[in-house]
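First the structure, in the form of structure tokens, and then the observations on it.
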Amino acid sequence: MQRRKPEQDHTSKHADAYREPFCFTPIGVLRSPYTERFGTPRQPPITAQVKGDAPLPARIELLPELAPGLAGLAEFDRIWCLFVFHLNRGHGLAVRSPRDQDGQHGLFATRSPHRPNLIGLSCLRLTAIEGHVLHVLGVDILDHTPVLDIKPYVPYADAFPDARAGWLDARVADEPDHYEGPGT
């Protein structure tokens, strides 16, 4: 790529910005069939042993004034939903995963919902958009969860099928979860 402008430094004077707190305002709410943690899928495509034994429909109700921002999104099969784990309190830096009941792993090597920042991320199947409401399948999110952002899933940029999955590579993908309790 040929630059048209000389190189500039936009970041050095903001080197400590990562230490400042951030405040986010939800853009909507997720309406889910799941109202309790037990029976809610731990990952969107894993629906065995959960309420309904299948992907259950849900919807994201955006603030009505944001509806114009949905133009063109209906053409995508999937979306990323960033949300808040609003019911979680506290976290540990070593956690036991339901996929490995024999050992603990560092928090950042797991998908534990108990995080220093309560931000969650799910890839959902978009089935329809009606006004400011997105209809989705494959949620692993509780009812009344605040939604922070929606982004389209783009396969060529978001999928890395050959990527290593760390300690999970030794696990069977559809193996049922074994451990129930805090720190999962």
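Here are a few things to note about the model shown:
- Rounded to the nearest 0.05, the FRET efficiency derived from the C-beta distance between Leu137 and Ala17 at R0 = 41 Å is 0.65.
- Solvent-accessible area per residue for region 55-125 (1.4 angstrom probe, square angstrom): 59 Å²
- For Thr127, nonlocal amide neighbours, meaning residues 5 or more places apart or on other chains whose placed amide H falls under 5 Å from its own, are His135, Val136, Leu137.
- Spin-label model distance (nm) - Arg89 vs Trp167, 7 Å beyond Cα toward Cβ: 2.7 nm
- Asp169, Asp158, ranked by accessible area, largest first (probe 1.4 Å): Asp169, Asp158
The values are calculated or read from the model by the stated rules, or taken from the named source; none is laboratory data. What you see is a predicted model, and the numbers here were worked out from it, not measured in a lab. Neighbour counts are summed over all protein chains in view; Cβ atoms, including those assigned to glycine, are modelled from backbone coordinates with ideal geometry. Accessible surface areas use protein heavy atoms only, side chains included; no ligands, DNA or RNA. Shrake-Rupley method; radii C 1.70, N 1.55, O 1.52, S 1.80 Å.
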